[in-house]
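> Please read through the structure below; I'll follow up with questions.
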Amino acid sequence: MQIYLPIAEVSVNAFLLLGLGGVVGILSGMFGVGGGFLITPLLFFVGIPPAVAVATSANQIVASSFSAVLAHIRRKTVDFPMGLVLLVGGLIGAAIGIVIFNILRGMGQVDLLVSLSYVVFLGTIGGLMFVESLNALRNARSGKPPKRRKHNWIHALPLKMKFRASGLYISVIPPLLVGVSVGVLAAIMGVGGGFIMVPAMIYLLGMPTKVVIGTSLFQIIFVTAFTTLLHAVTNQTVDLMLALLLLVGGVVGAQFGARIGTLLKAEQLRILLAILVLAVCGKLALDLLLEPAELYSIAGAA
Amino acid sequence: MTRLFWLLVLLLVPVKAPAEEELIAGLSRNRISISANFDGSEILIFGAVKRDAPAAEDPPGVIVTIEGPKTPLTLRRKDRMGPIWVNVDTVEVDRAPSFYAVNSSGPLRDVLTHTSDMRHSITVEQAIRLVGASGLVEDPSRFTEALIRIRERNGLYQTNISAVTVRESTLFDTSVVLPANLVEGVYTSRLFLTRNGVVVAQASAAINVEKVGLERFLYALAHQDALLYGLLSLAIAVVAGWGASAVFRYLQG
């Protein structure tokens, strides 16, 4: 069934969009990532203009994250104070990131920088996570006890706060810094930053994986809601019809994803996310390295 | 009296050969509505050649074009830089039609001379205008070719040779398929009558392509009341997210 999208001004298959939304929703519920890094390129592939794809996927992520976060709240795996600290940091970071992005755009070659930073970040994070979770999985199988979290310099910082759901008593400075740096990257790369935030929370802050997912989703709702509004007001590129089709699939998928997440062990979840991140990284790297079939491309009005 | 008659005949002979010809054209529809289930459309263009004297021996050429709204765009070209492929050249296109179809009654080189094509901007190549490209990139025409190639793949640019049927040098008709990914705006259809590749008569008609119903409403709201539209999008997202969660909780018992 073909549907004409009023803002994108293209006609697409409605069932295809429902399916796309569903798949990304499942990933979102399982791993706590928004899925923007997946859905945006998929929408390009379907023929949606890039500007509309970016803005509209933000809107769909609001829906699927909200759906998934409700499932996590029921399970008490959302750390609200931590989410708020990360959010504050994230908003500050996003503001800095937009300034940097505009400077880079003035210098040209911003596309290349975005692609390269994607490959570098996805590759590093994916690789590290993969190795770590593989070791954890192996240790669990051979019956070795998991390593105790060590006390390091992070625990010596002032402004300590209790994060009950995460079982942490640490300074607010590290989460705030994590929030800021993810915000900067997210604004430059045009994504919500879930795939950077999730590993940062696990490895840098030492939060339990299950709490990380709910908390990441919680702050993603706000980041993407803000992005949606910004795009709607400044560029008029949010396509409500497209968003509706995607989010119907997305909210249902998110519920399933959250359910699947409870059936898996933390190490298994981490290794799956690592594989997903590495796959996206590999695809982007190939795009850069292989000769494209069409050397020329059409961009919208400058 | 007879001398006067012969004088008149002599005067008329050179006028008679290129008989005055005029085009009269019609469209099957001059309005296309884009509704939610819009899946492309076909438009029929027909007409007749009106003339005072009998037609010349050889049949005339008929060319029909349909042109969508023109917009500026940017074209980029990738090239190898070290191990990776990056965009190296950029060309700004001043005006390129969002849709362009050329239907002709015969091979273009037979029914249209290059000079006439340039004067009336008939083929796709002539309808695209580049600006300031010549100094910046080596071969700007390759960018135009690429634009045409990409849009032809999407059915947005079409050249349909021998798609116009001409009957008894007088009646003609043709049809153009408009794809589903159509942009809103005023489309112009131009018709040309050629003799030996030179345009001798032309006519034009306008087709209004516009969104209707829900499509119209959403598009208008997004542009006129952007903040409300943005908030509406968010409200829908939150309600849908909550709805799915509630349904699943209910199903779980």
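The values are calculated or read from the model by the stated rules, or taken from the named source; none is laboratory data. Computed from a predicted model, the values in this text were never measured in an experiment. Because the Cβ atoms are built from the backbone with ideal geometry, glycine has one as well, and the counts that use them run over all protein chains shown.
> Does the range A:65-79 contain any residue that is more than 10 Å from chain B (Cβ to nearest Cβ), farther than 23 Å from A:Gly126 by Cβ, part of a loop (DSSP other than H, G, I, E, B) and among the polar types (S, T, N, Q)?
yes
> Might you let me know whether the range A:231-252 holds any residue that is closer than 30 Å to A:Arg141 by Cα, buried (at least 16 other Cβ atoms within 10 Å of the Cβ), more than 8 Å from chain B (Cβ to nearest Cβ) and of a type outside the set (Gly, Ala, Ser)? Reasoning before the result, please.
First pass over the range A:231-252, keeping only residues closer than 30 Å to A:Arg141 by Cα: none.
Looking through the range A:231-252, none of the residues is closer than 30 Å to A:Arg141 by Cα, buried (at least 16 other Cβ atoms within 10 Å of the Cβ), more than 8 Å from chain B (Cβ to nearest Cβ) and of a type outside the set (Gly, Ala, Ser).
> Across the range B:223-253, which residue is nearest to the other protein chains (Cβ to nearest Cβ) among those that are surrounded by fewer than 19 Cβ atoms within 10 Å (Cβ to Cβ) and among the small types (Gly, Ala, Ser)? Don't jump to the end; show me each part of the working.
The first filter runs over the range B:223-253 and keeps only residues surrounded by fewer than 19 Cβ atoms within 10 Å (Cβ to Cβ), leaving B:223-228, B:231-232, B:235-236, B:238-239, B:242-243, B:246-247, B:249-253.
Keeping just the survivors that are among the small types (Gly, Ala, Ser) gives B:226, B:235, B:243, B:246, B:253.
Values: B:Ala226: 5, B:Ala235: 10, B:Gly243: 7, B:Ala246: 8, B:Gly253: 13 Å.
So, considering only residues that are surrounded by fewer than 19 Cβ atoms within 10 Å (Cβ to Cβ) and among the small types (Gly, Ala, Ser), the one nearest to the other protein chains (Cβ to nearest Cβ) is B:Ala226.
> Separate question: Please find, among A:Leu18, A:Leu42, the residue that is within 14 Å of another protein chain (Cβ to nearest Cβ), surrounded by fewer than 22 Cβ atoms within 10 Å (Cβ to Cβ) and assigned to a helix (DSSP H, G or I). Before you say what the answer is, go through the steps one by one.
On the way: A:Leu42 fails: within 14 Å of another protein chain (Cβ to nearest Cβ).
Testing whether each residue is within 14 Å of another protein chain (Cβ to nearest Cβ), surrounded by fewer than 22 Cβ atoms within 10 Å (Cβ to Cβ) and assigned to a helix (DSSP H, G or I) leaves just A:Leu18.
> Among the residues in the range B:133-142, are any in the same structural domain as B:Leu23 (by TED's automatic domain parsing), of a type in the set (Asp, Glu) and surrounded by 14 or more Cβ atoms within 10 Å (Cβ to Cβ)?
Here is the first cut: in the range B:133-142, the ones in the same structural domain as B:Leu23 (by TED's automatic domain parsing) are B:133-142.
If we keep only those that are of a type in the set (Asp, Glu) as well, we get B:138-139.
Add one more test, that the residue is surrounded by 14 or more Cβ atoms within 10 Å (Cβ to Cβ), and what stays is none.
Within the range B:133-142, not a single residue is in the same structural domain as B:Leu23 (by TED's automatic domain parsing), of a type in the set (Asp, Glu) and surrounded by 14 or more Cβ atoms within 10 Å (Cβ to Cβ).
> Return a yes/no flag: does the range A:257-265 have any residue that is out of contact with any Cys (no Cβ under 6 Å at 6 or more places or on another chain), part of a loop (DSSP other than H, G, I, E, B), basic (Lys, Arg) and more than 10 Å from chain B (Cβ to nearest Cβ).
At the first step, the residues of the range A:257-265 found to be out of contact with any Cys (no Cβ under 6 Å at 6 or more places or on another chain) are A:257-265.
Okay, now just the ones that are also part of a loop (DSSP other than H, G, I, E, B), so A:264-265.
Right, trim to basic (Lys, Arg) and you get A:265.
Within this subset, residues satisfying the condition of being more than 10 Å from chain B (Cβ to nearest Cβ) are A:265.
So far as the range A:257-265 goes, yes, one or more of its residues are out of contact with any Cys (no Cβ under 6 Å at 6 or more places or on another chain), part of a loop (DSSP other than H, G, I, E, B), basic (Lys, Arg) and more than 10 Å from chain B (Cβ to nearest Cβ).
> Could you please let me know if B:Pro54 is without any contact (Cβ under 8 Å) to a residue 60 or more places away in the chain and in a loop (DSSP other than H, G, I, E, B)? Before you say what the answer is, go through the steps one by one.
Values: without any contact (Cβ under 8 Å) to a residue 60 or more places away in the chain: yes; in a loop (DSSP other than H, G, I, E, B): yes.
Spelling it out, B:Pro54 is indeed without any contact (Cβ under 8 Å) to a residue 60 or more places away in the chain and in a loop (DSSP other than H, G, I, E, B).
> Output the residue which, of all residues in the range A:45-64 that are under 17 Å from B:Val239 (Cα atoms) and within 11 Å of chain B (Cβ to nearest Cβ), is surrounded by the fewest Cβ atoms within 10 Å (Cβ to Cβ).
Filtering the range A:45-64 for residues under 17 Å from B:Val239 (Cα atoms) gives A:56-64.
In the following step, the residues that additionally are within 11 Å of chain B (Cβ to nearest Cβ) were identified as A:56, A:58-64.
Numbers: A:Thr56: 32, A:Ala58: 32, A:Asn59: 29, A:Gln60: 35, A:Ile61: 35, A:Val62: 32, A:Ala63: 34, A:Ser64: 38.
Among them, the one singled out is A:Asn59.
> Also, I was wondering about something else. Just wondering, is there one or more residues in the range B:194-215 that are in contact with a Phe, Trp or Tyr (Cβ under 8 Å, 6 or more places away or on another chain) and either without any contact (Cβ under 8 Å) to a residue 60 or more places away in the chain or under 22 Å from A:Leu247 (Cα atoms) (or both)? I'd like the intermediate steps shown before the answer.
Step one: filter the range B:194-215 for residues in contact with a Phe, Trp or Tyr (Cβ under 8 Å, 6 or more places away or on another chain), giving B:199, B:201-202, B:206-209, B:211, B:215.
After this cut, where a residue has to be either without any contact (Cβ under 8 Å) to a residue 60 or more places away in the chain or under 22 Å from A:Leu247 (Cα atoms) (or both) as well, the list is B:215.
Yes, the range B:194-215 has at least one match.
> Any idea which residue in the range B:59-111 is farthest from the other protein chains (Cβ to nearest Cβ), counting only those that are under 22 Å from B:Arg190 (Cβ atoms) and more than 18 Å from the chain's Cα centre (by Cα)?
That would be B:Pro59.
> Let me ask something additional. Could you please find all residues in the range A:98-116 being modelled with pLDDT under 80 and under 21 Å from the mean Cα position of the chain (by Cα)?
A:Ile98, A:Phe101, A:Val110, A:Asp111, A:Leu112, A:Leu113, A:Val114, A:Ser115
> Further question: If you take the residues in the range A:269-302 that are surrounded by fewer than 16 Cβ atoms within 10 Å (Cβ to Cβ) and in a helix (DSSP H, G or I), which one is farthest from the other protein chains (Cβ to nearest Cβ)?
Among residues in the range A:269-302 that are surrounded by fewer than 16 Cβ atoms within 10 Å (Cβ to Cβ) and in a helix (DSSP H, G or I), the one farthest from the other protein chains (Cβ to nearest Cβ) is A:Ile275.
> For the range B:158-179, what are the residues that are surrounded by 19 or more Cβ atoms within 10 Å (Cβ to Cβ) and either within 14 Å of chain A (Cβ to nearest Cβ) or free of Cβ contacts under 8 Å to residues at least 40 places away in the same chain (or both)?
Across the range B:158-179, the qualifying residue is only B:Leu178.
> Would you be able to tell me the number of residues in the range B:206-222 that are in a helix (DSSP H, G or I), at the interface with another protein chain (Cβ under 7 Å from one of its Cβ atoms) and modelled with pLDDT of 90 or more? Spell out the reasoning first.
Pass one, the range B:206-222, residues in a helix (DSSP H, G or I): B:213-222.
This time we only want the ones that are at the interface with another protein chain (Cβ under 7 Å from one of its Cβ atoms), so: B:215, B:218-219, B:222.
Right, trim to modelled with pLDDT of 90 or more and you get B:218-219, B:222.
Of the residues in that region, 3 qualify.
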